[in-house]
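Every read-out reported here was derived from the displayed coordinates using simple, explicitly stated rules and does not represent laboratory data. Please read these numbers as outputs of a predicted model, since none were measured by experiment. So basically every Cβ, Gly included, is an ideal-geometry build from the backbone, and we count neighbours across all protein chains shown.
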Amino acid sequence: MAAAIAKRVKFMIKPLLVLAALGAVAAAVGLTWSWWLPPLRERILAVTSPVDDHGHGAAGQPDDHGDGGHDDHAGHDDHDLDPDVLEVSPAAQKSQGIRVEPLRRSDYGRSLPIPGVVAPIHGVTYQDVITKTSGEVTRIFALEGQIVKAGAPLFEISLTHQEAIQHQIDLLEALAQVEVANAEIARLEQLERSNPGGLAGAKLLQQRYELRHLQHTVESRRQILGLLGLSQHDVDQLIDRHRRPHSETTDADPAGHGVSPLIDTVVIHAPPAEDPSVGGPLLFVVENLAVRQGQHVDVGVTLCRLGEYRRLYIEGQAYQRDLDAVRQAMVERWGVAAVLPSAIDGSRTLENLPIVYIDSAIDLETRATRFFVELDNTLATPPESMERPFADWRFRVGQRLELRVPTERFRQKLVVPAEAVAQDGLENYVFQVSGDRFVRRPVQIEYRDENRVVLAEGQSVAEGVRIAMSGAYQLQLALLNRAAGPQEHQHHH
């Protein structure tokens, strides 16, 4: 009997426990419905009634409840609650540095990173300035580090070179003999005209031969003086002083040659040549100034070195496994990118730099082969803005950077900066822009590196669509923060 009663009680307890559990769940639902029901209803509406760019429903009209009932969210745009839409004011866009541009197609390449260093072009970048005569340095026109143009004066030297002085004397003597020969020829021509076929004709022919020899002597002395460092202008002035008319003579200077007809100083100039590859005259930097004013210098002494930095090389080091990629880029004429670190904007990238040549040897220490990329250089500070124009080049010999050699080309693809794509787990997004509205769109990636992202063709984005080319990470963070924040609108009983 007792066993039967216990069995019946146990049978009745199970339904009571189930009823108690259901009662507790119902009480919890009743107490918390105002917290979970409105977000659930809004999420269902967002799925069943897509929102267009103006915040309207699928029919183009503002969404309502259809029963005329009152909604605590009335008066608020639906896209405020869309997890993929942000409102960003122009001021906020500017403060965050968000740049909006339409998508454009362009070529881009998968690249191989290789370390590089800015290097001089041997035989072009540096030139030594040497003396061709001996003497005393009486003037230095440019300081070390200063920029000088082609043909500008560099040094003035007082001549003590015996050979240069002797050739000047020989030149003056030859000029005097030319004058005597010309006078004798004029006299003999007059005699020949008055008595043709006489002795004067034979002497006239001999005198003309002598004149040609003297003229050759004058020209050879001119060339020798030029080789000794005297400018053509100075030699011409020397000859002009010798040929001054006798009316300019004085009692103190009966020869009419001035106090000192010889050239006693020589000015050494920068090379006057122009470089057609960069256009216009060359710009030199005075380096390694090795003399001082008043110093005596001998023939062949180096006075300074001139550096011309408007054309440089970037020297890359390619190992054997990378050499084929470098060779392919050079043969296909694919431009190399150079990435330079910058304290201001993080880094700067120079695009489409041509590979000039690959070295024919392997370095025994590094086991790498050098290759050279052409680099055009410019002055960071215009020389016109300084009283004395000192050198301030954008790129300097020895500066380290990273070369990116293309190994694969993407033709006419949607290429965007890396900061235009935001990642969330395995998903990638860009932000389509319409006015102040930024709509997150999923995209697929064909290729990505530190600077660029190649987008796969899809329905989310297309050519001409305006997107945020920068600040995608900040926009994504703003969406996540808004989703994690507290609900602003609550329903109360």
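Using all alpha carbons of region 125-191, what is the percent of pairwise distances in each 5 Å bin, ordered from the shortest bin to the longest?
Each 5 Å bin holds this share of Cα pairs: 3, 12, 13, 13, 12, 10, 9, 7, 7, 6, 4, 2, 1, 0.
Sorted by average packing, counted as other Cβ atoms within 10 angstrom per residue and highest first, what order do 165-171, 399-405, 202-208 take?
Values: 165-171: 17.4, 399-405: 20.0, 202-208: 14.1.
Highest to lowest by the protection proxy: 399-405, 165-171, 202-208.
Indicate the gyration tensor shape class of region 362-426 (rounded, prolate or oblate), computed on the Cα atoms with a ≥ b ≥ c the square roots of the eigenvalues: a/c under 1.5 is rounded; otherwise a/b larger than b/c is prolate and the rest oblate. Before the final figure, lay out the partial values.
Numbers: a/c = 2.63, a/b = 1.36, b/c = 1.93.
Here region 362-426 falls in the oblate category.
How big is D, in µm² s⁻¹, for region 284-374 by Stokes-Einstein at 4 °C and 1.567 mPa s if Rh is the Kirkwood radius over C-alpha pairs? Provide the component values of the computation, followed by the final result.
Numbers: Rh = 16.6 Å.
It comes out at roughly 78 µm²/s.
Between region 294-352 and region 79-111, what is the C-alpha centre distance in whole Å?
One Cα centre to the other: 36 Å.
How long are the semi-axes of the equivalent ellipsoid of region 363-474, taking √(5λ) for every eigenvalue λ of the Cα gyration tensor, in whole Å from largest down? If you can, show how the numbers build up before the last one.
Working: eigenvalues 296, 113, 32 Å².
Computed over region 363-474, the values are 38, 24, 13 Å.
If we sort 91-101, 107-117 on the protection proxy, mean other Cβ atoms within 10 Å, highest first, what's the order? Before the final figure, lay out the partial values.
Numbers: 91-101: 13.8, 107-117: 18.9.
My ranking of the peptides, most packed first, is 107-117, 91-101.
Using only the C-alpha atoms of region 169-226, find the volume of their convex hull and express it per residue in Å³.
On the way: hull volume 3.2 nm³, N = 58.
Given the Cα convex hull of region 169-226, per-residue volume reads 55 Å³.
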